[in-house]
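I have placed the structure first, in the form of structure tokens, so that the comments after it can refer back to it.
The values are calculated or read from the model by the stated rules, or taken from the named source; none is laboratory data. All values reported here derive from a predicted model rather than from experimental measurement. Here Cβ is always computed from backbone atoms with ideal geometry, including for glycine, and neighbour counts include all displayed protein chains. What goes into the accessible areas is simple: the full protein's heavy atoms, side chains included, and nothing from ligands, DNA or RNA. Shrake-Rupley method; radii C 1.70, N 1.55, O 1.52, S 1.80 Å.
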Amino acid sequence: MEKHFDPNTIETKWYQTWENQGYFKPQKPDADPYSIMIPPPNVTGSLHMGHAFQDTIMDTLIRYNRMKGNDTLWQPGTDHAGIATQMVVERQLAAQGLTRHDLGRDKFIEKIWEWKEESGGTITKQLRRMGASPDWSRERFTMDDGLSSAVKEVFVKLHEEGLIYRGKRLVNWDPILHTAVSDLEVISEEEQGNLWHMRYPLTDGSGHLVVATTRPETMLGDQAVAVHPDDERYQHLIGKTITLPLVGREIPIIADDYVDLEFGTGCVKITPAHDFNDYDMGKRHNLPMLNIFTIDAAINDEAPEKYQGLDRYEARKQIIADLEELSLMEDIKPHTLMVPRGDRSHAVIEPFLTDQWYVAVEELAKPAIDAVKNGDIEFVPKNWENTYFEWMNNIQDWCISRQIWWGHRIPAWYDKDGNVYVGRDEAEVRDKNNLGADIELSQDNDVLDTWFSSALWTFSTLGWPQKTPELEKFHPTSVLVTGFDIIFFWVARMIMMGLKFTGEVPFKQIYVHGLVRDSEGQKMSKSKGNVLDPIDLIDGIELEDLVKKRTYGMMQPEKAAKIEKSTRKQFADGIPAFGTDAIRFTFASLASTGRDIRFDLNRAEGYRNFCNKLWNATRYVLMNTEGFDTGVDESLEVELSLADRWITSRLQEVESEVEKHFAAYRFDLAATALYEFTWNEYCDWYLELAKPILNKDSSDAAKRGTRKTLVRVLETLLRLLHPIIPFITEEAWQAVAPLAGKSGNTIMLEAYPQADESKIDTAAIAELEWVKQFIVGVRKIRSEMDIAPSKALEVLLAGLNENDQAWLKNNRVYLQTLAKLENITVLEDETNAPESAVALVGEMKVLIPMAGLIDKDAELARLAKEMTKLQGEIKRLSGKLNNAGFVAKAPEEVVANERKKLSDYETALNNLEGQHEKIQQL
RNA sequence: GGGUGAUUAGCUCAGUUGGGAGAGCAUCGCCCUUACAAGGCGAGGGUCACUGGUUCGAGCCCAGUAUCACCCA
């Protein structure tokens with residue numbers, strides 16, 4: 001292995017090998033299946049931090065299960081992302097001064113396909129850089145032929161059952177995109193506006209009433225004024241009419257208990273065609289639905305001529321001015337209101353009356369609710385189930401038609417009389433309905449909501465409606481890994497469609513992860529200028545390039561200066577290259593359940609250092625084992641040292657810990673357990689303990705034992721780490737595996753380590769604990785007393801029990817090397833010991849003679865500090881034990897444990913007090 | 001207005017049958033000891049948001065309050 005750890009070279013090398021060798025494909029036809037469907041990213045999109053996080057989790061699960069011997073499929077693919085993709089291409093046309101209408105439907109769609117070919121590979125390339133291991137040979141796109149026929153099949157069947165219908169309803173209309181959007185695609189945000197109080201004169205001339213509205217322009221479509229039936233102020237007006245100002249229409253005053261007595265004046269103007277609540281009220285009272293807007297949200301010719309053609313906000317100004325002129329504007333009060341905007345266009349959404357296609361979801365929702373209730377599908381963490389139920393219980397019919405061009409065109413045809421025929425294609429429609437060639441048919445111009453095709457993703461990618469072997473084997477999938485933001489868009493709809501069309505749940509578990517935020521907890525967004533590109537973290541980026549990237553092509557260019565400034569401040573030296581493994585480890589260790597994660601570069605740096613540590617530890621092991629006998633020949637005698645037995649024991653414990661954490665989707669805890677074992681135990685202690693055995697004249701069997709353990713524990717550790725950090729572990733494993741008697745081609749397909757309880761040697765763990773205490777005790781004195789690390793020390797021991805004597809005999813070499821000791825002498829009689837600093841190992845005293853090394857006052861201070869600590873503990877424990885309630889009610893085990901601790905502390909304090917006194921007398 | 005989650009060391013976060021407050025980073029001291037200075041060895045640092053309750057015992061359970069975030073209306 002290279003002396004220097006350079007992630008880039010090993011990453012590209014290994015990824016190509018893996019993919020070329022076909023390692024990502026399902027390998028074990030006879031084994032149990034494990035499958036995950038990737039949430040398909042936008043085909044023309046690029047990888048953001050959320051993807052990188054999610055993909056790390058999925059790839060870790062996939063690699064883990066593949067190594068565990070399952071027949072493992074990670075299904076990749078991309079989504080056509082109707083509106084989003086169409087918008088990108090429309091923007092490109094706009095730059096040339098063109099609209100999609102200038103091109104026409106076919107030409108425009110052709111342009112989008114061109115754009116898809118051009119930019120479609122970006123995100124899959126980036127996925128590869130992340131080390132993701134999906135079966136690329138099975139890559140799918142939501143507009144592939146196979147998936148498109150699944151879409152038609154589902155549409156036709158639902159229509160046959162009456163679960164898809166066409167209707168004129170009030171929808172969320174995006175006046176910029178000229179399409180309906182679903183409730184979920186509308187984001188309501190608080191904005192400052194006004195509450196206009198307008199006078200509506202009574203037709204009989206007996207006065208006026210005052211209505212309050214946030215949208216004065218909609219008055220052109222008013223069909224009534226409503227008051228609360230119990231409102232005493234207006235009882236006498238119910239049943240009368242008013243004459244609508246500026247329009248002259250006579251409209252009734254009605255009573256409806258929807259009206260809020262407290263809001264505004266208690267009188268509400270009713271515009272059934274332009275407000276969802278008014279729409280319902282209009283239906284209750286049989287009011288006419290008068291649409292006053294064009295598809296651009298300008299005033300149409302239903303309104304008085306004066307206002308026709310005005311944009312809604314122009315019309316508002318004019319209407320306010322006109323009312324003021326007529327003295328009909330009573331009051332204008334500032335008011336905070338919720339403004340609905342389209343999540344793509346950011347345009348203010350207009351409730352608008354149009355013909356649309358709907359899915360009747362109530363019947364589909366019931367089994368979908370049951371599947372979660374009865375445990376067929378399990379959310380991780382569980383609390384998301386509440387959110388799911390809340391939404392599913394209040395679910396509204398799903399508007400699935402979109403007035404755009406990019407997507408699955410609705411398989412419905414119309415004849416000249418407006419009759420609708422649904423079928424898989426025109427031929428089928430003609431055939432089924434006996435429509436001769438002379439009858440002209442035209443296909444519906446609308447396309448389906450993108451989420452309609454992604455709702456079928458788990459089974460359409462496996463070949464449904466055909467009964468393919470893949471569908472048979474890999475459906476239902478094992479787990480869905482997703483963010484909470486698309487539980488309703490996608491997850492719920494997949495469950496409904498999956499149950500309906502395959503008769504089984506689409507996945508058994510749903511792992512819901514949090515959002516990736518910046519280190520301040522802010523959402524990452526282009527407009528905030530705090531976006532990090534995962535690829536930049538892997539490869540590094542110069543400050544100037546980062547600034548350019550963050551300020552280029554902004555929607556609000558005025559923010560650029562501020563963003564540049566904060567970027568220069570936060571990343572004065574740019575971003576260093578951390579490598580894929582470090583970024584993956586960072587994501588894994590931040591992936592605790594149930595909360596968003598703040599991405600902190602400092603953590604990434606820490607885990608890059610971890611990779612470096614692993615690299616160097618491997619190099620050290622190789623230096624000491626390559627070309628030596630590592631015990632591959634099992635017939636040769638092997639002697640295992642205390643350290644060998646200890647690290648092997650600890651390895652088993654870590655293995656079962658990691659297994660437990662993976663089963664619970666606690667990637668953070670798994671990562672931490674592996675980090676700590678690798679660094680704090682294997683590197684800091686075991687490698688150091690192995691040195692004296694390899695360097696001093698121990699027996700061949702002992703050296704063989706230690707080399708064998710060195711290599712085998714490392715080889716196992718690499719396999720344990722592989723699902724999280726695939727590249728460095730593969731590179732290291734290639735060199736280490738043969739020395740451990742392994743002959744596979746790739747770590748990817750090796751077995752995941754499993755704990756062997758019989759290898760846990762508790763005696764070795766206890767003995768090594770003693771060794772560590774001894775060494776740490778000496779190191780502390782050395783450090784606190786400012787003794788040079790290079791100075792070898794003389795130590796004296798007193799108060800040894802049998803264990804101490806035996807363990808000292810076994811472990812002199814460890815103690816001398818790791819604590820840098822010149823000599824260890826056991827005192828028969830402590831009374832003639834020279835003045836010394838003392839460390840306690842249980843009841844044994846480790847004495848370091850002070851002469852010429854240690855200052856008397858310093859040692860007294862050190863002892864006093866230790867004593868204070870002990871006194872505090874003793875006070876706390878004896879207080880507890882003197883509490884009759886505690887002794888009587890706490891479990892015996894707990895009480896015994898506390899007694900033991902108290903007595904240990906008392907002995908220790910006693911020893912230190914004696915020592916303190918002795919030194920003081922000098 | 002309804003719901004969910006959060007509040008633990010300077011920062012980012014762990015801490016599930018309630019029983020001695022932890023990690024990484026940052027800080028301080030010593031050390032270039034031939035795997036690693038992206039390192040080694042040590043050290044300091046917290047009324048676990050607040051108030052009350054349950055309990056022999058609460059970071060953990062219950063009730064309430066505050067602040068923040070998100071979802072829904």
Taking region A:621-654 and the residues there that are within 21 Å of A:Leu818 (Cα to Cα) and among the hydrophobic types (A, V, I, L, M, F, W, C), the one that is nearest to RNA strand B (Cβ to nearest atom) would be A:Met623
Hits in region A:463-504 - residues which are within 16 Å of RNA strand B (Cβ to nearest atom), outside any helix (DSSP H, G or I) and small (Gly, Ala, Ser): A:Gly483
Name the single residue, out of those in region A:1-34 being more than 16 Å from RNA strand B (Cβ to nearest atom), assigned to a loop (DSSP other than H, G, I, E, B) and of a type in the set (A, V, I, L, M, F, W, C), that is farthest from A:Ser137 (Cα to Cα). A:Ala31
Mind counting the residues in region A:810-836 that are of a type outside the set (Phe, Trp, Tyr) and closer than 12 Å to A:Trp770 by Cβ? 3
Scanning region A:627-653 for residues that are modelled with pLDDT of 90 or more and closer than 27 Å to A:Ile728 by Cβ gives A:Ala643, A:Asp644, A:Trp646, A:Ile647, A:Thr648, A:Ser649, A:Arg650, A:Leu651, A:Gln652, A:Glu653
Output the residue which, of all residues in region A:674-689 that are open to solvent by less than 10 Å² (accessible area, probe 1.4 Å) and either without any contact (Cβ under 8 Å) to a residue 60 or more places away in the chain or within 30 Å of A:Lys508 (Cβ to Cβ) (or both), is nearest to RNA strand B (Cβ to nearest atom). A:Tyr686
Filter pass, A:Lys900 being open to solvent by 90 Å² or more (accessible area, probe 1.4 Å), more than 9 Å from RNA strand B (Cβ to nearest atom) and at pLDDT 85 or above: yes
Checked against (1) under 21 Å from A:Ile395 (Cα atoms); (2) free of Cβ contacts under 8 Å to residues at least 24 places away in the same chain, A:Gly498 satisfies every condition except (2)
Checked A:Thr618, A:Thr586 against criteria (closer than 23 Å to A:Arg704 by Cα, open to solvent by less than 10 Å² (accessible area, probe 1.4 Å), among the polar types (S, T, N, Q) and within 13 Å of RNA strand B (Cβ to nearest atom)); the one match is A:Thr618
Can you pull out the residues in region A:135-173 that are among the hydrophobic types (A, V, I, L, M, F, W, C), within 30 Å of A:Lys25 (Cα to Cα) and not in a helix (DSSP H, G or I)? A:Phe141, A:Met143
For region A:210-244, the count of residues that are touching a Phe, Trp or Tyr at 6+ places or on another chain (Cβ under 9 Å) and farther than 19 Å from A:Asp275 by Cβ equals 1
Enumeration of residues in region A:273-290 that are open to solvent by less than 40 Å² (accessible area, probe 1.4 Å) and part of a loop (DSSP other than H, G, I, E, B): A:Ala273, A:His274, A:Leu287, A:Leu290
Looking only at residues in region A:523-544 that are over 18 Å from A:Ala588 (Cα atoms) and within 15 Å of the chain's Cα centre (by Cα), which one is most open to solvent (accessible area, probe 1.4 Å)? A:Lys523
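Let's see how each residue does on (1) without any contact (Cβ under 8 Å) to a residue 40 or more places away in the chain; (2) hydrophobic (A, V, I, L, M, F, W, C):
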site	(1), (2)
A:Ala740	no, yes
A:Ser743	yes, no
A:Glu757	no, no
A:Trp770	no, yes
A:Lys780	no, no
A:Glu794	no, no
A:Asp804	no, no
A:Asn823	yes, no
A:Asn832	yes, no
Looking for something free of Cβ contacts under 8 Å to residues at least 40 places away in the same chain, farther than 24 Å from A:Val181 by Cα, assigned to a loop (DSSP other than H, G, I, E, B) and open to solvent by 20 Å² or more (accessible area, probe 1.4 Å) - is there at least one such residue anywhere in region A:505-521? no
Please go through region A:361-391 and pick out each residue that is touching a Ser or Thr at 6+ places or on another chain (Cβ under 8 Å) and within 16 Å of A:Pro506 (Cα to Cα). A:Val380
Residue tally, condition part of a helix (DSSP H, G or I) and within 10 Å of RNA strand B (Cβ to nearest atom), over region A:777-821: 9
Is at least one residue of region A:174-184 part of a helix (DSSP H, G or I) and in contact with a His (Cβ under 7 Å, 6 or more places away or on another chain)? no
When region A:750-776 is examined, which residues are found to be crowded, with 16+ Cβ neighbours inside 10 Å and away from RNA strand B (no atom under 16 Å from the Cβ)? A:Glu750, A:Tyr752, A:Pro753, A:Ala755, A:Ile760, A:Asp761, A:Ala764, A:Glu767
Being in contact with a Leu (Cβ under 9 Å, 6 or more places away or on another chain) and either within 11 Å of RNA strand B (Cβ to nearest atom) or within 30 Å of A:Val778 (Cβ to Cβ) (or both) is the filter here, so list the residues in region A:865-879 that pass it. A:Glu866, A:Met867, A:Leu870, A:Gln871, A:Glu873, A:Ile874, A:Leu877
Pairs with Cβ under 9 Å, 6+ apart, first in region A:613-632 and under 16 Å from A:Lys703 (Cβ atoms), second of a type in the set (Ser, Thr, Tyr): A:Asn624/A:Thr706; A:Gly631/A:Thr709
Of all the residues that make up region A:594-611, how many are near RNA strand B (Cβ under 6 Å from one of its atoms), outside any helix (DSSP H, G or I) and open to solvent by less than 50 Å² (accessible area, probe 1.4 Å)? 1
Can you go through A:Pro201, A:Pro229 and tell me which one is open to solvent by 10 Å² or more (accessible area, probe 1.4 Å) and either modelled with pLDDT of 85 or more or assigned to a strand (DSSP E or B) (or both)? A:Pro201
Do any residues in region A:870-892 that are open to solvent by less than 60 Å² (accessible area, probe 1.4 Å) and hydroxyl-bearing (Ser, Thr, Tyr) have Cβ atoms under 8 Å from those of residues that are more than 7 Å from RNA strand B (Cβ to nearest atom) and assigned to a helix (DSSP H, G or I), where the two are at least six apart or on different chains, and which pairs are they? A:Ser878/A:Leu902
